[in-house]
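Laboratory data are not the source of any read-out in this text; all were calculated from the coordinates shown. Predicted, not measured: the structure shown is a model, and the values here were computed from it. Cβ placement follows ideal geometry from the backbone for every residue including glycine, while neighbour counts extend to all protein chains displayed.
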2 protein chains.
Amino acid sequence: MPRWESDAQGRLERAALDLFETQGFERTSVAQIAGAAGLKERSFYRYFPDKREVLFTGGELEAHLVAQVEAADPGLPPLDVLLTALGTAEGTFRPRDFLLRRARVIAASPALAERDLIKLADIAEALAPALERRGVGPAQARFVLDVVLAIHRRAMPRWLAEPDTTLAQLMAEATAELREVLAPSAPTVGRVGRDQP
Amino acid sequence: MPRWESDAQGRLERAALDLFETQGFERTSVAQIAGAAGLKERSFYRYFPDKREVLFTGGELEAHLVAQVEAADPGLPPLDVLLTALGTAEGTFRPRDFLLRRARVIAASPALAERDLIKLADIAEALAPALERRGVGPAQARFVLDVVLAIHRRAMPRWLAEPDTTLAQLMAEATAELREVLAPSAPTVGRVGRDQP
């Protein structure tokens, strides 16, 4: 990540994260972020439409994921394609420590948490056609994407908190956990859809 | 649903849906919705904070779901608790035809689609503590919720389009589909997290 360390966009992202951490997202202005990054306020808007976007430069991650899905072995089932793509992409664009602090700041701000939700849906939206080109039906593509995003969400906090792990490994563990959650338990299956006592 | 058919809130919801369908969400004003419902504009704001909210009166659904989870047999696994709660709640508050038209209007408007996403996250947020009170850990509670919402999203369009089905039945089918998607396929498991060719 040598370019990100020194370029203006990276400086703005790190300045924003510092300020969001110390004084909160709501109380931070674009002028402050630009100032802390040694830039004019005007320059901020060359990179981001507003301060909500400064932690969500998802374009490069999204493009990387789509390329990964498109390059995957045609015989690989969609679940494995997505687990591989997501499990290896994170950490490619930003240092893990930055991502950990970013996750905390997002969790502390409802406005940022909403943005995060929408950004994930955008990523799913972008990946669905890539799955469909592999012959997966549109509804199933969206279903597998939703489930893999749930797996990703389960694995991410542990990966961020445990430096000796890989995200791919923790996503595989979350997948195994999900298999157990879904294992039919003899007396309950018949109850689905019936009345509660 | 006798009350909803005749009360002011129900009239506003139906008027909004009609207008969103015929002229689009963006081009519809609060004054038009209120007028079509035979009410003053001021009255609209007694029920909804803005026009984005008129199709998302989720409070009653959320309370119903939480109550269902709390009333469920303590021995029932979280997946079954949620499948039962969600599978039987929909259609309790609004007619299926209204929900079908509503789903189309939401899909056609990015602003409404964002609102829908956030509303679903709010429902998950409200249900998580109810699962935790059953002894499920917070991270797993959120995971099972995310997965059940994915199952719900897979089942919902089919339920809306196929009048002879129950949502519970289609959610059970989507759950079975997910078990298949997750079934380990011998040559691929080892590849998760490895490089693509």
**Q.** Listed residue (B:Ala121, B:Ala141, B:Ile151) projecting farthest to the positive dipole end of region B:62-181, Cβ model
**A.** B:Ala121
Q | 7 Å along Cα→Cβ, label-point gaps from B:Glu180 to other copies, nm, shortest first | A | 2.6
Q. Along the three principal axes, how long is chain B when you take its alpha carbons, biggest first, rounded to the nearest angstrom?
A. 63, 46, 33
Q | Between region A:1-70 and region B:167-183, the Cα center-to-center distance that results, in Å | A | 40 Å
Q: Could you sort A:92-99, B:81-88 so that the peptide with the highest average Cβ count within 10 Å comes first and the rest follow in order?
A: B:81-88, A:92-99
Q.
Placing +1 on the Cβ of each Lys and Arg and -1 on the Cβ of each Asp and Glu in region A:62-113, which of A:Gly87, A:Leu99, A:Ala67 has its Cα farthest towards the positive end of the resulting dipole?
A. A:Leu99
**Q.** Cα-centre dipole for region B:11-86 with unit charges at Cβ (Lys and Arg positive, Asp and Glu negative), debye to 20
**A.** 560 debye
Q) Where the label is 7 Å out from Cα toward Cβ, how close does B:Glu60 come to the same position in every other copy, in nm, shortest first? A) 5.0
Q | Cα gyration tensor shape of region A:40-157, rounded if a/c is under 1.5, else prolate or oblate by comparing a/b with b/c | A | prolate
Q: Please label the shape of the protein assembly as shown as rounded, prolate or oblate, based on the square roots a ≥ b ≥ c of the eigenvalues of the alpha-carbon gyration tensor (a/c under 1.5 means rounded; beyond that, a/b larger than b/c means prolate, else oblate).
A: oblate
Q | Net dipole in debye of region A:58-181 [+1 Lys, Arg Cβ; -1 Asp, Glu Cβ; about Cα centre; nearest 20] | A | 300 debye
Q) Distances from B:Tyr45 to the same residue in each other copy, label points 7 Å out along Cα→Cβ, in nm, shortest first? A) 3.0
Q: Using the Karplus curve 6.51 cos²θ - 1.76 cosθ + 1.60 with θ = phi - 60°, work out ³J(HN,Hα) for each residue of region A:148-162 in order, rounded to whole Hz, and write x for Gly and Pro.
A: 5, 5, 5, 5, 4, 5, 5, 7, 4, x, 5, 4, 5, 8, 10
Q. What 222 nm value per residue comes from the helices of chain B, counting each DSSP H run with n ≥ 4 as -39,500 (n - 2.57) and dividing by all residues, nearest 500 deg cm²/dmol?
A. -22500 deg cm²/dmol
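Enter the mean number of other protein chain beta carbons within 10 Å of the beta carbon of each residue in B:108-117, as an integer.
That works out to 2 on average.
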(Q) Residue by residue through A:24-33, how many Cβ atoms from other chains fall within 10 Å of the Cβ on average? (A) 0
Q. Residue by residue through region A:75-87, which ³J(HN,Hα) values in whole Hz follow from phi under the Karplus form 6.51 cos²θ - 1.76 cosθ + 1.60 (θ = phi - 60°), with glycine and proline marked x?
A. x, 6, x, x, 4, 5, 4, 6, 4, 5, 4, 6, x
Q: Determine the dipole magnitude for the protein assembly as shown: charges of +1 sit on the beta-carbon of Lys and Arg, -1 on that of Asp and Glu, nothing else is charged, the reference point is the Cα centre, and the result goes in debye to the nearest 20.
A: 720 debye
